[in-house]
Amino acid sequence: MSAERFEKKKTIDLRKKHIGPSCKIFFSHDPIKIVQAKGQYMYDEKGQRYLDCINNVAHVGHCHPDVVKAGAQQMELLNTNSRFLHDNLVSYAQRLQATLPGKLAVCYFVNSGSEANDLALRLAWQYTGHKDIITLDNAYHGHVSSLIDISPYKFHQSSDAEQNQYVHVAPSPDVYRGKYRGEHPDPATAYADEVKDMVHRVHKKGGKIAAFIAESLQSCGGQVIPPQGYFQQVAQHVREAGGIFIADEVQVGFGRVGTHFWAFQLQGEDFVPDIVTMGKPIGNGHPMSCVVTTKEVAEAFMSSGMEYFNTFGGNPVSCAIGMAVLDVIVKEDLQGNALRVGRYLTNLLEKQKEKHPLVGDIRGRGLFVGLELVKDRLKLTPATAEAQEVIYRLKEQYILLSADGPHRNVLKFKPPMCFTTEDADLVVEKIDHILTELEEALGLKSHNALSVENESNKRKLPTDENGHQCHSGLAHNRGSSQEVLNKQTKRLKT
Ligand SMILES: Cc1ncc(COP(=O)(O)O)c(C=O)c1O
């Protein structure tokens, strides 16, 4: 059976007609039609293979046979809701609990990362009786109304979005381009003190902190690795104010960071959040997610008297799939692979940093790695257009990578966990070539040019894929060829 129902052109037309225009597509001037996938590879309608460096949802590999089988077998037998007793539900809760610190023992199964974070907020409000939430700058926690409110990544995109009066935005603990950087003697304390001051300001205005929410490593925010000890101090300030700590592991959980199963554990054994939210990789593509919390928080939620019911959350099929994902992570030592291949990839990228002035920073843990492109290593001028150019050129060479962060200049690696050292070699080799060409076009010399900022290049360019403006001298500098300029402009418009 052909995996393609329509010709590509018709798929594009139908999509334009029937799918909301704010649902963006990758590479909009020449979108990819994917019809099949396996492991870390995706295949288009012509059978062309793409190396997938971005799909952390397909955590144990696209269409992993064990996961597919577990889902299909359970689907043949029964699928229903959690109002009936079922062993899958309790076994899976037990399995998840075993990966977490003891006090995180109570699960709520839901269907998406957004649902998980929305429920986490409800738990926090109910448990504390407070209303105010502290979130981090550039954070993204989901698409439902309550989460757009706590997602500066989103609400900064819209000129009419007003910041909710109960939401307070603390600086992102980014030691590369944030308020306190690598040379600071104690960035963890400095960033945590920002939260402490924020708590005081909220109190002065008569507010009360219900929760601090953060991704354990910021993903959309630009692959930010918070300094160790930051979460412990934040948790202390927030708990002293009667609030709780929510760790969003929707992107980074399930062994991706290599050394630990959960990314919050990177902070140290002395740190345990009050709520952990999970999503994306949990079902390897099957829509499911989970909120795990303490008995105390769960009991407070119960005490409101309101029943919690979720039609699909925790159904036997989802639980079977979730258990299969956990099994494959262990069976194939994917956490170990993330550690080994992640280190290998990071080392390769570090060499690129030595070679290419456009590379400002390499940071990551396991198979969660960011490469930040800058036009000036001292001023940290974001190389936004260059980052777009890199991902477009990689796509032309059948490698899928994305650029994110507040300036869309951070190349994000978060591939399926079966990614290999050969895959890492391939993508880094291509990036090396692309950066060499870009730097040549920009007139940059790898050995001496730390600054590529050129005042004459500061002209307005179209917006990038996410609606952000790209400032670049690239087209300007890449010769007089109108063709190059057109191509560049077209790409930036996508
Ligand atoms: C950190 C984080 N939390 C929550 C969400 C929301 O998850 P979903 O899209 O499954 O609702 C996302 C989605 O990208 C995310 O990156």
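The values are calculated or read from the model by the stated rules, or taken from the named source; none is laboratory data. Being a predicted model, the structure only gives us computed values, none of them experimental. Cβ placement follows ideal geometry from the backbone for every residue including glycine, while neighbour counts extend to all protein chains displayed.
So here's what we get for this one:
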{"quantity": "Residue ID - farthest from the chain's Cα centre (by Cα), chosen from residues in the stretch 32-55 that are within 20 Å of T11 (Cβ to Cβ) and hydrophobic (A, V, I, L, M, F, W, C)", "calculated": "V35"}
{"quantity": "Long-range neighbours under 9 Å by Cβ, at least six apart or interchain, first residue at positive phi within the stretch 366-385, second hydroxyl-bearing (S, T, Y) and surrounded by fewer than 24 Cβ atoms within 10 Å (Cβ to Cβ)", "calculated": "G366/T259; L380/Y176"}
{"quantity": "Contacts under 6 angstrom Cβ, first residue in the stretch 44-69 being on the phi < 0 side of the Ramachandran plot, partner assigned to a loop (DSSP other than H, G, I, E, B) and of a type in the set (D, E), 6 or more apart", "calculated": "E45/E4"}
{"quantity": "Failed condition for S219, given (1) surrounded by fewer than 24 Cβ atoms within 10 Å (Cβ to Cβ); (2) of a type in the set (S, T, N, Q); (3) out of contact with any helix residue (DSSP H, G or I) (no Cβ under 7 Å at 6 or more places or on another chain)", "calculated": "(1)"}
{"quantity": "Count of residues meeting criterion [aromatic (F, W, Y) and not in a loop (DSSP other than H, G, I, E, B)] in the stretch 410-431", "calculated": "1"}
{"quantity": "Residue tally, condition closer than 12 Å to E389 by Cβ and surrounded by fewer than 16 Cβ atoms within 10 Å (Cβ to Cβ), over the stretch 419-440", "calculated": "1"}
{"quantity": "Checklist (1) in a helix (DSSP H, G or I); (2) within 10 Å of the ligand (Cβ to nearest atom); (3) surrounded by fewer than 21 Cβ atoms within 10 Å (Cβ to Cβ); (4) not basic (K, R) applied to S146, failing item", "calculated": "(2)"}
{"quantity": "Filter pass, I399 being surrounded by 21 or more Cβ atoms within 10 Å (Cβ to Cβ) and closer than 26 Å to A263 by Cβ", "calculated": "no"}
{"quantity": "Residue match in the stretch 154-171 (condition: surrounded by fewer than 17 Cβ atoms within 10 Å (Cβ to Cβ) and in contact with a Lys or Arg (Cβ under 8 Å, 6 or more places away or on another chain))", "calculated": "yes"}
{"quantity": "Residue selected from the stretch 262-284 under the condition assigned to a loop (DSSP other than H, G, I, E, B) and more than 11 Å from the ligand (Cβ to nearest atom), by the criterion surrounded by the most Cβ atoms within 10 Å (Cβ to Cβ)", "calculated": "P273"}
{"quantity": "Sole residue being in the same structural domain as E76 (by TED's automatic domain parsing) and either under 22 Å from the mean Cα position of the chain (by Cα) or farther than 30 Å from L123 by Cα (or both), chosen from V317, V369, V325", "calculated": "V325"}
{"quantity": "Subset of the stretch 19-64 that is surrounded by 15 or more Cβ atoms within 10 Å (Cβ to Cβ) and hydroxyl-bearing (S, T, Y) - its residue that is nearest to S289 (Cα to Cα)", "calculated": "Y41"}
{"quantity": "Residue identified as under 26 Å from M42 (Cα atoms), without any contact (Cβ under 8 Å) to a residue 60 or more places away in the chain, of a type in the set (V, I, T) and not assigned by TED's automatic domain parsing to the domain that holds G258 among I399, I431, I391", "calculated": "I391"}
{"quantity": "Filter result for the condition that a residue is at pLDDT 95 or above and over 25 Å from V252 (Cα atoms), over D52, D13", "calculated": "D13"}
{"quantity": "Answer residue from the stretch 237-252, given it is more than 16 Å from the ligand (Cβ to nearest atom) and part of a loop (DSSP other than H, G, I, E, B) and is nearest to the chain's Cα centre (by Cα) among those", "calculated": "G243"}
{"quantity": "Yes/no for T311 being out of contact with any Lys or Arg (no Cβ under 8 Å at 6 or more places or on another chain), at pLDDT 95 or above and part of a strand (DSSP E or B)", "calculated": "no"}
{"quantity": "Flag for H356 being in contact (Cβ under 8 Å) with a residue 60 or more places away in the chain and either within 16 Å of the ligand (Cβ to nearest atom) or closer than 30 Å to A105 by Cβ (or both)", "calculated": "no"}
{"quantity": "Neighbours by Cβ (under 8 Å, 6+ apart or cross-chain): first from the stretch 210-236, away from the ligand (no atom under 16 Å from the Cβ); second at pLDDT 95 or above and part of a strand (DSSP E or B)", "calculated": "A210/D132; A210/I133; A210/I244; V234/F212; V234/A214; V234/F245; A235/F212; A235/F245"}
